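Reading through the structure tokens given below for one structure.
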Amino acid sequence: MRYPVNYIGISQGFHSGKCIDLGWSVNTLGSNQPVYACESGTILKIEVQPKGGNVIYILHDNGMVSCYAHLANNSILVKKNEKVVMGQQIALMGNTGSDATGNHLHFGLFANKDVIYKDSTINPFEYLLVYPDQVVGEGTLVRYAGNLKFYSANLDVRYVFNVGYEGLNVRKGPSLNDEVVELIPVAAMVNVLDEKGSFVQIGDNRWVWKAYLSSEIPKYKTVRPLVDPILNVRSGAGTNYAIVDIVRPGQRVIVFASKNGWAKISPDTERWVSANYLI
């Protein structure tokens with residue numbers, strides 16, 4: 001699992017048997033920065049709670065649930081039952097709810113979807129990793145040195161990139177003749193455990209075509225507010241290319257390549273937008 005913010009300042013460690021609080025400013029985005037899914041999963045529920053304010057719960061494939069509380073008003077980018085992947089932005093840090101004394105993220109992990117505080121809570125420090133593109137505040141490094149865990153390059157971590165349809169087939173064995181057991185969405189993270197021919201193993205009886213994986217961490221962007229209600233998607237990196245699609249303000253995209261101020265938003269087809277309109 002990945003820390004749910006990219007600028008990590010821990011104001012309280014695992015306290016009251018419930019969560020950790022992230023909010024100390026380590027740069028200009030420290031107290032109101034984007035909040036990301038710590039791992040792939042499905043939006044279990046979205047609530048407005050008296051104490052927790054705006055709260056999102058994500059159910060992960062391993063059965064655990066992550067909780068994100070005190071989120072800013074009008075900042076939630078996901079809906080119930082929506083599939084999300086690790087590192088996907090879901091909201092902004094905020095200070096909603098009576099328990100919030102300032103902008104911060106109240107982050108918790110639960111053993112199952114019953115989400116019973118204290119009875120099913122898990123210490124997030126045991127699962128969260130600091131990735132190379134994340135920044136840890138100096139005070140946090142000192143105060144929580146014994147709790148922080150860092151992503152290790154010894155793990156063969158890759159991301160699903162080169163599929164343009166619903167997702168990547170996961171098969172029971174390392175061949176096209178083996179049964180498909182599930183689909184993995186674009187940008188999902190996998191750990192490569194073994195390799196046979198054109199396939200790699202990502203779990204027990206779970207194999208995928210290795211050509212569809214990349215070691216590059218996906219770059220998520222959001223279409224910023226526009227004067228026009230739509231942003232043109234073109235067949236190449238420039239206004240002289242044909243318009244092939246549109247995207248709208250608030251829509252999330254993954255940037256697969258960049259060229260001359262343009263961003264490629266499809267893994268295997270030529271779909272480009274002006275990078276000036278992405279945040």
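The values are calculated or read from the model by the stated rules, or taken from the named source; none is laboratory data. Bear in mind the structure is a predicted one, so any value in this text is a computation, not a measurement. With ideal geometry, Cβ positions are generated from the backbone for all residues, glycine too; neighbour counts draw on all protein chains shown.
Number of residues in region 209-229 that are under 16 Å from A263 (Cβ atoms) and among the acidic types (D, E) equals 1.
Among residues of region 188-209 that are of a type in the set (S, T, Y), those with a beta-carbon under 8 Å from a residue that is not in a loop (DSSP other than H, G, I, E, B) at least six positions away or on a different chain give the pairs S198/W209; S198/K210; S198/A211.
Just one of the numbered conditions (1) of a type outside the set (S, T, N, Q); (2) modelled with pLDDT of 90 or more; (3) closer than 29 Å to I76 by Cβ is not true of I265: (2).
So for region 136-150 (the condition being farther than 23 Å from Y220 by Cα, assigned to a strand (DSSP E or B) and modelled with pLDDT of 85 or more), does at least one residue qualify? No, there is no match, as no residue in region 136-150 is farther than 23 Å from Y220 by Cα, assigned to a strand (DSSP E or B) and modelled with pLDDT of 85 or more. With respect to being in contact with a Cys (Cβ under 8 Å, 6 or more places away or on another chain) and among the hydroxyl-bearing types (S, T, Y), T101 falls outside the description. Taken over region 160-205, the residue count meeting the criterion of being within 23 Å of I254 (Cβ to Cβ), in contact with a strand residue (DSSP E or B) (Cβ under 8 Å, 6 or more places away or on another chain) and either at pLDDT 80 or above or not aromatic (F, W, Y) (or both) is 20. The set of residues from region 203-229 being of a type in the set (A, V, I, L, M, F, W, C) and out of contact with any Asp or Glu (no Cβ under 9 Å at 6 or more places or on another chain) comprises V208, W209, A211, L213, V223, L226, V227. The set of residues in region 34-53 that are under 14 Å from H106 (Cα atoms), in a strand (DSSP E or B) and touching a His at 6+ places or on another chain (Cβ under 7 Å) contains only G53. Can you report the number of residues in region 246-279 which are surrounded by 14 or more Cβ atoms within 10 Å (Cβ to Cβ), part of a loop (DSSP other than H, G, I, E, B) and of a type in the set (S, T, Y)? So the answer is 1. If the condition is being at positive phi and buried (at least 24 other Cβ atoms within 10 Å of the Cβ), then region 56-75 contributes only H70.
Pairs are defined by a Cβ separation below 6 Å, a sequence spacing of at least 6 or placement on different chains, a first member in region 87-99 that is in contact (Cβ under 8 Å) with a residue 12 or more places away in the chain, and a second member that is assigned to a loop (DSSP other than H, G, I, E, B) and buried (at least 21 other Cβ atoms within 10 Å of the Cβ); the pairs so defined are Q88/A37; I90/A37; M93/Q33; G97/G52. Answer yes or no as to whether I56 is part of a strand (DSSP E or B), modelled with pLDDT of 90 or more and within 17 Å of K18 (Cβ to Cβ). So I56 fits the description; yes. Just one of (1) at pLDDT below 80; (2) on the phi < 0 side of the Ramachandran plot; (3) loosely packed, with under 14 Cβ neighbours inside 10 Å fails for K221. It is (3). The set of residues from region 230-240 being under 14 Å from K259 (Cα atoms) and assigned to a loop (DSSP other than H, G, I, E, B) comprises S235, G236, A237, G238, T239.
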